[in-house]
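Asker: Would you mind keeping the following structure in view while I ask a few things?
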There are 2 protein chains.
Amino acid sequence: MGDIELVLKEHHIRPTAIRLLMYKFLSERDIAVTLNDIESGFDKSERTTLYRTIKTFEKKGLVHQIDDGTGIAKYALDEKGTGENQSQDLHLHFHCEKCNETICLTDHKIPHISLPKGFVSKDMNLVIKGICDKCSEKK
Amino acid sequence: MGDIELVLKEHHIRPTAIRLLMYKFLSERDIAVTLNDIESGFDKSERTTLYRTIKTFEKKGLVHQIDDGTGIAKYALDEKGTGENQSQDLHLHFHCEKCNETICLTDHKIPHISLPKGFVSKDMNLVIKGICDKCSEKK
DNA sequence: AAAAACATGCAACTTAAGTGCATTATTTCT
DNA sequence: AGAAATAATGCACTTAAGTTGCATGTTTTT
């Protein structure tokens with residue numbers, strides 16, 4: 001049984017062909033992808049199925065959705081896809097205005113922020129916009 | 001000449017009737033509003049006009065757009081609408097999962113974050129999700 | 001093997017966002 | 001002031017992402 005198959009099973013996801021392929025697809029890139037990106041990578045499958053697949057992954061805690069300000073949802077594998085650690089992904093994301101790519105800066109955690117009285121924090125989303133390392137190189 | 005008229009003129013925006021009304025509308029609430037919210041507040045005017053009006057405000061630095069993760073753009077007046085201070089609005093936003101309202105926490109600035117080599121930061125967006133003060137009161 | 005549960009594909013719908021163009025209002029110029 | 005230029009508004013239409021319903025196909029369970 002392949003590695004991916006195991007990962008899916010650990011997350012209580014049936015390892016169908018498309019799901020295996022999508023996991024592979026996601027694990028091969030280090031940037032967050034849109035549904036369109038995924039669609040372009042799969043001639044064989046259909047928009048709806050891919051949509052539902054990524055949503056399944058999300059529900060089961062395999063991927064997280066990122067809102068980078070472009071208005072289009074992006075997805076990336078959770079850091080510890082295999083582990084049991086379901087703690088929130090409080091790392092931050094960087095969106096490059098040039099290449100339009102969004103990167104998970106998994107080593108950069110969001111610092112603690114004290115809120116006014118009465119506010120209860122459950123989740124956080126920090127996106128930094130600017131120029132990424134690749135684009136700032138090739139001037 | 002009214003106060004609002006002056007504010008608009010300072011931002012090089014022609015003070016038409018709709019624009020004056022929209023500014024008033026925005027200044028009357030302390031939460032970020034969607035285009036739909038605005039539309040509901042104006043029987044007289046039309047979606048497109050309101051859309052273009054808010055976009056004009058945005059371009060001229062009167063309002064900022066907030067992406068709170070709901071997928072729907074929200075807008076709020078900049079802190080110093082009147083002043084010359086065009087420095088980025090690096091305050092954070094709080095999105096309440098219960099009442100769905102998004103609040104500018106203008107007093108809470110986003111802390112400095114050091115990025116990996118090659119990354120250039122131009123703008124930041126931090127949204128904290130949870131329960132707001134009003135909703136946590138009335139259990 | 002039959003029943004139940006789940007996955008997939010197709011079509012259609014919803015909603016926010018955005019554009020083109022004609023009309024109307026406002027400003028500028030002489 | 002009046003004409004020309006510029007900008008604002010309103011209406012219709014388009015686009016694109018996201019989402020749902022339902023029929024069909026597949027896998028799992030008993």
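Asker: What single numbered condition from (1) facing chain B (nearest Cβ under 8 Å); (2) surrounded by 15 or more Cβ atoms within 10 Å (Cβ to Cβ); (3) within 20 Å of the chain's Cα centre (by Cα) fails to hold for A:PHE119?
Answerer: (3)
Asker: Go over the candidates A:THR49, A:THR56 one by one and state the one that is modelled with pLDDT of 95 or more, within 30 Å of A:LYS129 (Cα to Cα), surrounded by 15 or more Cβ atoms within 10 Å (Cβ to Cβ) and polar (S, T, N, Q).
Answerer: A:THR56
Asker: While we're here: Do we find a residue being within 13 Å of the chain's Cα centre (by Cα) and surrounded by 15 or more Cβ atoms within 10 Å (Cβ to Cβ) anywhere in the stretch A:6-23?
Answerer: Yes: the stretch A:6-23 contains one or more residues that are within 13 Å of the chain's Cα centre (by Cα) and surrounded by 15 or more Cβ atoms within 10 Å (Cβ to Cβ).
Asker: Just a yes or no: is a residue in the stretch A:3-25 in contact with a strand residue (DSSP E or B) (Cβ under 8 Å, 6 or more places away or on another chain) and small (Gly, Ala, Ser)?
Answerer: No, the conditions are met nowhere in the stretch A:3-25.
Asker: Return the residues of the stretch B:31-54 that are within 13 Å of DNA strand C (Cβ to nearest atom) and within 14 Å of chain A (Cβ to nearest Cβ); say none if nothing qualifies.
Answerer: Matches in the stretch B:31-54: B:THR34, B:LEU35.
Asker: A further question on this structure: Could you go through the stretch B:74-92 and let me know if any residue there is at the interface with another protein chain (Cβ under 9 Å from one of its Cβ atoms) and in contact (Cβ under 8 Å) with a residue 40 or more places away in the chain.
Answerer: No, the stretch B:74-92 contains no residue that is at the interface with another protein chain (Cβ under 9 Å from one of its Cβ atoms) and in contact (Cβ under 8 Å) with a residue 40 or more places away in the chain.
Asker: May I ask you to verify whether A:LEU6 is within 13 Å of DNA strand D (Cβ to nearest atom) and hydrophobic (A, V, I, L, M, F, W, C)?
Answerer: Criteria not met by A:LEU6.
Asker: Then there's this: Just to be sure I understand the filter: pairs with C-beta atoms under 6 Å, separated by 6 or more residues or on different chains, first member in the stretch B:1-30 and more than 14 Å from every other protein chain (Cβ to nearest Cβ) and among the polar types (S, T, N, Q), second member within 11 Å of DNA strand C (Cβ to nearest atom) and not in a loop (DSSP other than H, G, I, E, B). Which pairs pass?
Answerer: Here the result reads none, with nothing in the stretch B:1-30 linked to a residue that is within 11 Å of DNA strand C (Cβ to nearest atom) and not in a loop (DSSP other than H, G, I, E, B).
The values are calculated or read from the model by the stated rules, or taken from the named source; none is laboratory data. Because the structure is predicted, anything quoted here is derived from the model rather than measured. Ideal geometry is used to build each Cβ from the backbone, glycine not excepted, and the neighbour counts take in all protein chains shown.
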